[in-house]
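Just below is one structure, and these are the notes that go with it.
The values are calculated or read from the model by the stated rules, or taken from the named source; none is laboratory data. All figures in this text were calculated on a predicted structure; none of them were measured in a lab. Here the Cβ positions follow ideal geometry from the backbone for every residue, glycine too, while neighbour counts run over all protein chains shown. The accessibility values were calculated without ligands, DNA or RNA, using every heavy atom of the protein model including side chains. Shrake-Rupley method; radii C 1.70, N 1.55, O 1.52, S 1.80 Å.
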Amino acid sequence: MSNNALITTIFKPNVSLNFFSQTGWAVLRAIVGIMMIHNGLDKLGNIESFAEAYVEVIGLPFPIFFSYVAAFTELIGAPLLILGLFTRPAAFGLFATMCVAMYHHVKVAGFNISYLELSAIYAACFLFFTINGAGLFSSDALIANLLDKSALSAQAKQIMRLEKAYEASSSEQKAKAGIK
């Protein structure tokens, strides 16, 4: 596999050729990314306290170091996720951070859903983007398009054909119903 093919593979999203699903992906990226920035800032607000309450409890060595790793993973990965830039690596880092958070919650409170739910929801979202990429409305898709014009151009043309078919179908249904 050439370097260009590998880079293209990293950036190219799995796509569902549906405008609304792709819009949903972009909205989800923005929402979870914004919330995760907040979490990273909270950690940096009192790193020693976070290290003591979360990292030491699960037995990781160098708790201050790993607290900074978690905070900066969130503060760097979240904006990348929002932009849809390097989405898979950013989402994987955030997913790993949420797996550690879930481990902490299980170790401290057992399988108590009220402690696990938020980190599990975040983990699921980040796993989704790790597997599927950012979607069509992302920086990754623009970069992949520049690197592999033929593949994404064909996809863009197919989306346009689907949109035209949807509009024609919608107009046809309105005509049958007598709606202008």
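Some observations on this one:
- Per-residue packing, averaged as other Cβ atoms within 10 Å, sorts the ranges 136-143, 110-117, 21-28 into the order 136-143, 21-28, 110-117, beginning with the highest.
- A convex hull fitted to the Cα coordinates of the chain yields 156 cubic angstrom per residue.
- When a 1.4 Å probe is rolled over the protein heavy atoms, the share of accessible surface on region 3-141 that falls to carbon and sulfur comes to 73 percent.
- Stokes-Einstein translational diffusion, region 2-78 - Kirkwood Rh over all Cα pairs, 1.567 mPa s, 4 °C, in µm²/s: 87 µm²/s
- Nearest-0.05 FRET efficiency for residue 72 and residue 165, computed from C-beta distance (R0 41 Å): 0.35
- Spatially near lysine pairs across the chain, Cα under 23 Å, sequence gap of 8 or more or different chains: 8
- Per-residue ellipticity at 222 nm computed for the chain from its helices equals -26500 deg cm²/dmol, with DSSP H segments shorter than 4 residues left out and the rest contributing -39,500 (n - 2.57).
- Rounded to 10°, Cα long-axis angle of helix 113-132 versus longest principal axis of the chain: 50 degrees
- A 1.4 Å probe, protein heavy atoms only, puts the accessible area of residue 83 near 100 Å².
- Residue among 111, 27, 122 farthest towards the positive dipole end of the chain, charges placed on Cβ: 27
- Summed over the residues of the chain and divided among them, the accessible surface reaches 59 Å² per residue at a probe radius of 1.4 Å.
- Surface accessible to a 1.4 Å probe, residue 98 within the full protein complex, Å²: 10 Å²
- Average Cα contact separation per residue, region 3-141, under 8 Å, 6 or more apart, as relative contact order %: 34 percent
- The order of the peptides 125-133, 46-54 by mean Cβ neighbours within 10 Å, most packed first, is 125-133, 46-54.
- In the chain, the longest principal axis of the Cα atoms and the axis of helix 19-45 are about 20 degrees apart.
- Alpha-carbon centroids, region 87-117 and region 26-63: separation in whole Å: 11 Å
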